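See below for the structure under consideration.
The values are calculated or read from the model by the stated rules, or taken from the named source; none is laboratory data. Note that the coordinates shown come from a computational prediction; the quantities given were computed from them, not determined experimentally. Note that we place each Cβ from the backbone using ideal geometry, even for glycine, and neighbour counts take in every protein chain shown.
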Amino acid sequence: MTAPAPTRTLTAGQRRNDLWLACALLVGAIVSAWLGRVAGMYGDTSAPFAWALVYAVALTLPLALRRRAPEIVLVVVALTFFVGVSQRIPEMYVGNVALFIAMYTVGAWVPDRRRATIVRLTVIAAMFVWLVATTFQAAISNDGGQLSRAGLFSPFAAYMLLQFLANAAFFGGAYLFGERAWNEARSRAVLEERTRELERERELTAAQAVALDRVRIARELHDVVAHHVSAMGVQAGAARAVLDRDPASARGALQSVEQSARDALTELRQLLDTLRTPDSETPTASTVHLDALPELVAHANDNGLPTTLTVVGDPIDTPELAQVNLYRVAQEALTNARRHGGPGAVADVRLRYTEDAIELEVSNTGRSPLSTRPGLGLVGMRERAIASGGTLEAGPRTRGGFLVRLRVPHAATTGATGTTPGDTAHADAGVRA
């Protein structure tokens with residue numbers, strides 16, 4: 001992937017600086033031309049000073065537009081420099097500076113690198129052709145005032161070689177400095193683009209974290225509230241049914257309602273404590289574990305759903321995340337059995353520790369759910385299965401009732417983390433109805 005071209009936005013300050021630079025060079029060119037005339041540069045063949053003023057204006061003022069039209073400015077400055085030297089205008093120093101700045105600007109500011117290279121190489125080639133031509137003319141001239149040409153390496157040859165080397169260093173420096181400025185600008189553009197990408201990724205990650213937290217909180221609240229509220233509903237209905245003929249039984253049912261309400265408040269308080277505590281200081285007492293399954297089964301029995309618990313195999317060390325998810329799946333499955341199983345429904349909870357996985361199976365007799373649309377409870381169980389690295393089977397049994405089976409491989413439990421997916425569409429991929 002090629003690096004992005006830098007976006008060179010010309011600011012008002014840069015325009016102002018270019019104007020001040022052009023004005024300063026204009027003054028310098030006028031002073032330099034006047035001093036050259038006074039010093040007798042070119043002798044009697046020097047051009048009139050009025051032409052030196054025109055030369056200074058044409059050489060320097062275009063630099064005020066050097067960053068807005070770099071190629072045009074370079075061509076204008078180069079042609080002006082060529083004409084000025086050819087007409088023996090006694091100014092040499094500011095012209096070189098102006099030409100250097102113009103060539104540097106093309107390298108540093110033209111976004112079309114192919115065009116920038118062609119323009120600069122064309123100017124450089126033209127200047128060297130001109131230098132070769134003037135050198136040849138000087139070599140064949142019979143002017144006695146010229147340097148001596150005697151010897152294999154005469155003073156004249158040394159002077160001409162010096163001219164070539166000076167021009168090579170001059171134009172090469174302008175070219176390389178322009179390229180370096182462009183590459184630095186491109187590197188800054190790459191860094192700025194990466195910074196923007198990182199900022200977008202940070203914002204996206206923050207949004208995803210918020211979404212994941214919302215899903216996790218919603219799932220925990222549903223599991224806690226639905227479990228206890230359904231039990232309270234069952235007990236309240238039983239109390240209402242026997243209130244007139246058996247006040248003692250009604251009183252016991254209302255006590256169960258009261259206890260379920262207290263348990264719900266306790267779990268909600270523990271949940272809120274967990275959410276308010278930093279991850280590194282999360283209290284272990286605020287979560288539930290597999291060793292609480294007997295209490296869950298006893299609660300189901302006390303609230304009108306005869307339930308048995310069977311543990312097969314030797315328990316293994318299981319991460320807290322997997323334990324919480326297994327417990328919550330069992331809790332939600334029993335809650336659904338109590339709500340949808342109808343009178344006479346019974347449930348069976350089986351926890352198996354096999355060689356390669358932990359399996360939780362909750363089955364119940366009675367009616368199957370009337371709606372085929374999965375509710376929030378099933379969605380939460382599916383998300384917990386994916387969060388634990390396992391798979392979930394949930395659906396009605398052929399002989400009546402409902403079956404929920406969660407299988408968590410040992411490889412998933414040994415590498416489980418606390419990250420839970422918030423995308424239920426992805427969670428469905430690991431679920432078989």
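What are the residues in segment 50-73 that are part of a loop (DSSP other than H, G, I, E, B) and in contact (Cβ under 8 Å) with a residue 40 or more places away in the chain, if any?
Here is the first cut: in segment 50-73, the ones part of a loop (DSSP other than H, G, I, E, B) are 66-69.
Across segment 50-73, the qualifying residues are Arg66, Arg67, Arg68.
If I filter segment 32-45 for residues that are at positive phi and of a type in the set (Phe, Trp, Tyr), do I get at least one hit? Yes: segment 32-45 contains one or more residues that are at positive phi and of a type in the set (Phe, Trp, Tyr).
Can you find, within segment 404-424, the residue that is surrounded by the fewest Cβ atoms within 10 Å (Cβ to Cβ) among those that are out of contact with any helix residue (DSSP H, G or I) (no Cβ under 9 Å at 6 or more places or on another chain) and modelled with pLDDT of 85 or more? Restricting to residues being out of contact with any helix residue (DSSP H, G or I) (no Cβ under 9 Å at 6 or more places or on another chain) and modelled with pLDDT of 85 or more, the top hit is Pro409.
Remark: pairs (first residue in segment 174-203, of a type in the set (Val, Ile, Thr); second residue surrounded by 10 or more Cβ atoms within 10 Å (Cβ to Cβ); Cβ separation under 8 Å; 6+ apart in sequence or on different chains) = Val190/Ala3; Val190/Pro4. For segment 135-156, the count of residues that are in a helix (DSSP H, G or I) and at pLDDT 80 or above is zero. Among the residues of segment 306-328, those that are in contact with a strand residue (DSSP E or B) (Cβ under 7 Å, 6 or more places away or on another chain) and touching a residue at least 60 places away in the same chain (Cβ under 8 Å) comprise Ile316, Thr318, Ala322, Leu326. For segment 45-99, the tally of residues that are surrounded by fewer than 18 Cβ atoms within 10 Å (Cβ to Cβ), under 18 Å from Leu131 (Cα atoms) and of a type in the set (Gly, Ala, Ser) stands at 1.
Just one residue in the set Asn336, Asn301 is crowded, with 20+ Cβ neighbours inside 10 Å, part of a helix (DSSP H, G or I) and in the same structural domain as Arg397 (by TED's automatic domain parsing); that residue is Asn336.
A quick yes/no check of all residues on (1) among the charged types (D, E, K, R); (2) part of a helix (DSSP H, G or I); (3) in contact with a Gly (Cβ under 6 Å, 6 or more places away or on another chain):
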| site | (1), (2), (3) |
| --- | --- |
| Val75 | no, yes, no |
| Phe81 | no, yes, yes |
| Asn96 | no, yes, no |
| Pro111 | no, no, no |
| Arg114 | yes, yes, no |
| Arg120 | yes, yes, no |
| Ala125 | no, yes, no |
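Here's the yes/no breakdown for (1) at pLDDT 85 or above; (2) farther than 18 Å from Leu290 by Cβ; (3) assigned to a strand (DSSP E or B); (4) more than 38 Å from the chain's Cα centre (by Cα):
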{"position": "Leu305", "(1), (2), (3), (4)": "yes, yes, no, yes"}
{"position": "Thr310", "(1), (2), (3), (4)": "yes, no, yes, yes"}
{"position": "Asp314", "(1), (2), (3), (4)": "yes, no, no, yes"}
{"position": "Leu326", "(1), (2), (3), (4)": "yes, no, no, no"}
{"position": "Gly342", "(1), (2), (3), (4)": "no, yes, no, yes"}
{"position": "Val349", "(1), (2), (3), (4)": "yes, no, yes, yes"}
{"position": "Leu360", "(1), (2), (3), (4)": "yes, no, yes, yes"}
{"position": "Ser371", "(1), (2), (3), (4)": "no, yes, no, yes"}
{"position": "Leu378", "(1), (2), (3), (4)": "no, yes, no, no"}
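Could we say that Arg88 is in a loop (DSSP other than H, G, I, E, B) and touching a Ser or Thr at 6+ places or on another chain (Cβ under 6 Å) here? Yes: the conditions hold for Arg88.
For (1) at pLDDT 80 or above; (2) more than 30 Å from Ala298 (Cα to Cα), each residue gets a yes or a no:
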{"site": "Gly172", "(1), (2)": "yes, yes"}
{"site": "Arg188", "(1), (2)": "yes, yes"}
{"site": "Gln208", "(1), (2)": "no, yes"}
{"site": "Ala211", "(1), (2)": "no, yes"}
{"site": "Arg214", "(1), (2)": "no, yes"}
{"site": "Leu221", "(1), (2)": "no, no"}
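Comparison of Ala78, Ala50, Ala64, Ala58 shows that the only residue that is touching a Ser or Thr at 6+ places or on another chain (Cβ under 6 Å) and of a type outside the set (Lys, Arg) is Ala58. Within 30 Å of Ala185 (Cβ to Cβ) and not acidic (Asp, Glu), is that true of Ile72? Yes. Based on what the data block shows, is Glu179 surrounded by fewer than 12 Cβ atoms within 10 Å (Cβ to Cβ) and modelled with pLDDT of 75 or more? Answer is no for this residue.
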